[in-house]
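Reading through the structure tokens given below for one structure.
The values are calculated or read from the model by the stated rules, or taken from the named source; none is laboratory data. These numbers come from a predicted model, not from an experiment. FYI the Cβ positions are ideal-geometry reconstructions off the backbone, even for glycines, and counts take in every protein chain you see. Calculation scope for accessible area: heavy atoms of the full protein, side chains included, ligands and nucleic acids excluded. Shrake-Rupley method; radii C 1.70, N 1.55, O 1.52, S 1.80 Å.
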Amino acid sequence: MTSSDKIPLDNHLVDLDPSETTEWIEALQSIIASDGKDRARYILESLIKKANQEGLYLGALIHTPYRNTINTADEKLLPPDEGMLKRLAALIRWNAVAMVLRAGKYAPELGGHIASYASASTLYEIGFNYFFKGPNHPNGNDLIYYQGHSSPGIYARAFLEGRLTENQLANFRQEVEKDGLSSYPHPWLMGDFWQFPTVSMGLGPIQAIYQARFLKYLENRQLKEMQNRKVWAFLGDGEMDEPESLGCISIAAREKLDNLIFVVNCNLQRLDGPVRGNSKIIQELEGIFRGAGWHVIKVVWGGRWDNLFAKDTTGIMQKRMEECVDGDYQAFKANDGAYVREHFFGQYPELKKMVESLSDEEIWRLNRGGHDPQKVYAAYAEAVAMKGKPVVILAKTIKGYGMGAAGEGQNITHQQKKMTIEQLRAFRDRFSIPISDDHITEIPFYAPPADSPEIKFLRQHREALGGSLPARRTETQSLPVPALSAFDSVLQATGEREISTTMAFVRILSVLLKDPGLGQRIVPIVPDECRTFGMEGLFRQIGIYSPVGQLYTPVDQGQVMFYRESRDGQIFEEGLNEAGAFCSWMAAATSYTNNDLPMIPFYIYYSMFGFQRIGDLAWAAGDMQARGFLLGGTAGRTTLAGEGLQHQDGHSHVLASTIPNCVTYDPTYSYELAVIIHHGLERMVRDQENVFFYITVMNENYSHPAMPAGAEEGIIKGMYLLDEPKKQGKHHVQLLGSGTILREVIKAAEWLKKDFDVTSDIWSVTSFNELGRDGLAVERHHRMHPEAKKPQQAYVSQQLDARKGPVIAATDYMRIYAEQIRPYMNKNYVTLGTDGYGRSDTRQQLRHFFEVDAKYIVLGALDALVREGELKSSVMVDAMKKYDIDPAKPDPWTV
């Protein structure tokens, strides 16, 4: 008995009867030979089903042997190219390296990445030359999420196509007052080139999943035919540890997203070392994706291994491959052929004998699947033909492939940004780049003539596939926006009826859904809170999107607002998945550029679970120039009374203000909300401006007045005068409020007049963020135009400078939110806010605790008047006694 006869079937099972095992295997081989693989697969699946019914545990079913999924005999063959593919890839490799090295030579601090593209080159080139459909393809373009660290290679290819100039490549990572190139994919900075910002690890995979789903949504709603368009996501194996990378893969299988292809570059290394030094990342990912229902294609070994596999009749080589962990495989490529002979093949006599005729150089050249064009082509061909399942390709590569002594396969490879001249010469020689020793020190870019075979090959293939990629559409159709009067039902007073701004939003949304021009373009998105936000009426009206419709009878079928799923449903009801819901919003908010089909997404969610939870995605949405509405529901620190610390939002507007093209508002009344949404539609849908809106809405019910005449401009700019006394008293103040706390401001004005004979102007501040940005712009204008004859004035200054009295501002957010306008306040300015952690209690008690209710606003106004010398401090003592304010009360920031 040879050593191979003792190979265990599992980590705890041993073959007790090899003869019987052989009979079963031979029977299977006979079925394959006589009846084909489909028949054999059916029998095996039937046996597995029966085994499961009998209670057998077949844990190995989610893993296949550590070898290629596609047998050599079943591979679809790469079209003949007379070596052009290899030649073209070599030129792109050179220019990618030269770009990074030249940037580092200009300024070492610029940095750059060489190794990621070096390992992924073949994965990209097979796609570019044979699979990726461009913008002019009759079936429409594919959407590709490029791995961010591979951007030099993508630029280098665009350079050979003539889309980027040598000067642009030379200015890699130099974007200030130069025609340079972004470090990574950034649509904001290269608006006609990149489509998706992906370099923040994990954001590409989850975006790609929901992008593929959104394409199915558009098709099922009969808004746009997709004609086999694919969404490709190029990822790193280390990146797959990010929660966003794997957290939503089940939805892709559940909804049968056969338009989605993940390509995971398994070079076994992350930034500091192995991804899985003590196990195998490819096997781990295979189990995860197979378990989730994906079709997994492993591209582990290149064609130079095929003869050895043919010789491996006992399975000894496969056994050795299973034994080695990724730390071993990294070491094999960090050394030489002699090392591989000894440490891989030399562990078993039969295996060592198998390669005795091979030189150390030939052993060294045994390639990995991700560097073999034929193997990659076969995987892609199977992936694009797949029906009913998403596909993940796990391609094994070498980090820094081709870099040699400069870092190929080393732990340091990711950070490698320099190469010595000797290392550069070796790289040049390895890829046969026609640059002489006399010029190599200049690190020149190289592009063959336009009529060279390489450039002809490149252009012919891209023309056949529909044009160059990446490419981003910058213009799309403008849609008509209804007049503001269309929202008349929310512009009028509610009378005695009390509603929340959330209910007002639902009314506005209902108006838009009925609009003949925009109705079909509206995309309502909710994580799992339709009933919380009063949106359940939309279930029956427009339906919840499901690609299979509704396969069950809902338990509430007899009710008016029953839960209705539909294949052409309009609502995305995402479940408890804020990140996924936001990615649906991103896909809809960029449909204007990705599909030439403007859509209008409204994503409403608990405000606390918005920017705080998905801030990185929100930043990416700004980068990719998303257009749409985000509604932070149950907003403010004190409006969500009983939910407490984890749910109460006092800072979402502060977080939203960090995104330059995010426009934010905190309206109090329904008419303010209508004006803001109408304005947003005009900017984003009619005028195609690259902004998105964040609007907070509350669940607190109160009556709403009719819109004052001429209030529209102030609502949009950020503040307007809501009320003023017919006659000012001796003491007068300016009271500013936003959101639900504006009502406390109104109450405080009444108490100030009644108890202290202080009159007030009342201002509704719809956006301290917008007022702050306006002030910053004016401030900069003064600095840059010191000799201007007519200095500009901040809007807040225009409104308040001529008004009498100090200014007191109160909001349901941290004080820093209102503090933004202090530099433009030429008056004594007092801010009140909800700094600190939230807690559970009634709204009244919470506002007392955070010191933003009417009595504290009164106290703030009196304090300001005392500081201005209009009142004596004793009046504050009297007020504290009158309103039962304890001076020893703890600061809410500290408790």
Net charge contributed by nearby residues that have their C-beta within less than 9 Å of F768 (K/R +1, D/E -1): -3
Region 703-833, accessible surface, carbon-and-sulfur percent (1.4 angstrom probe): 50
Where GluC sites (Glu not before Pro) fall in DSSP loop in region 31-135, at most 14 other Cβ within 10 Å: E54, E82
Protein accessible area in region 62-114, 1.4 Å probe - carbon and sulfur %: 57
Residue-level accessible surface for W301, protein heavy atoms, 1.4 Å, Å²: 10
Order by protection proxy (mean Cβ within 10 Å, highest first), peptides 483-495, 380-392: 380-392, 483-495
Residue-count net charge about T740 - beta-carbon cut-off 13 Å; Lys, Arg +1, Asp, Glu -1: -3
Long pairs among K216/K256; K76/K256; K754/K855; K727/K882; K86/K389; K311/K352, criterion Cα-Cα beyond 21 Å: K76/K256; K727/K882; K86/K389
Estimated [θ] at 222 nm from DSSP helical runs (n ≥ 4, -39500 (n - 2.57)) normalised by residues in the chain, nearest 500: -12000 deg cm²/dmol
Euclidean distance of C-alpha centroids, region 421-475 and region 100-120, integer Å: 17
Euclidean distance between Cα centres, region 287-361 to region 864-892, Å: 80
Area of K804 that stays accessible when all protein chains are in place (1.4 Å probe, Å², to 10): 80
Karplus-derived 3J(HN,Hα), 6.51/-1.76/1.60, for each residue of region 196-209, Hz, glycine and proline x: 10, x, 10, 6, 6, 3, x, 6, x, x, 5, 5, 5, 4
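In the chain, what percentage of the DSSP-assigned beta bridges are antiparallel, given to the nearest 5?
Among the beta bridges of the chain, antiparallel pairing accounts for roughly 10 percent.
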Helix 742-756 axis, angle to the chain major axis (alpha carbon atoms, nearest 10°): 20
Between 0 and 90°, nearest 10: helix 151-161 axis offset from the chain longest Cα axis: 70
Accessible surface, per residue, of the chain when the full set of protein chains is kept, probe 1.4 Å, Å²: 42
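Using only the Cα atoms, what convex hull volume per residue in Å³ does region 272-352 have?
Hull volume normalised by residue count: 119 Å³.
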Area of Y446 that stays accessible when all protein chains are in place (1.4 Å probe, Å², to 10): 60
Mean Cβ neighbour count within 10 Å, used as a protection proxy, ranking 519-530, 265-276, 334-345 highest first: 265-276, 519-530, 334-345
Accessible carbon and sulfur surface of region 639-698 relative to its total accessible area, %, 1.4 Å: 50
Charge sum, other residues only, whose C-beta stays under 10 Å from L223's C-beta, Lys/Arg counted +1 and Asp/Glu -1: 0
Nearest-ten-degree value, helix 611-623 long axis tilted from longest Cα axis of the chain: 70
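If you filter region 780-842 for chymotrypsin sites (Phe, Trp or Tyr not before Pro), then keep DSSP loop positions with at most 16 other Cβ within 10 Å, what is left? Mind dumping the intermediate values first?
Values: sites: Y795, Y813, Y817, Y824, Y829, Y837; in loops: Y813, Y837.
Loop-located and lightly packed - Y837.
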Residues F309 and E23, FRET efficiency given R0 of 25 Å [Cβ-Cβ distance, rounded to 0.05]: 0.55
Cross-link pairs K730/K872; K753/K872; K230/K396 - those with Cα-Cα distance over 21 Å: K230/K396
Identified option (computed P(r) over Cα pairs in 20 Å bins from 0, in percent; candidates (i) 13, 35, 28, 17, 7, 1; (ii) 13, 37, 31, 15, 3, 0; (iii) 15, 48, 33, 4, 0): (ii)
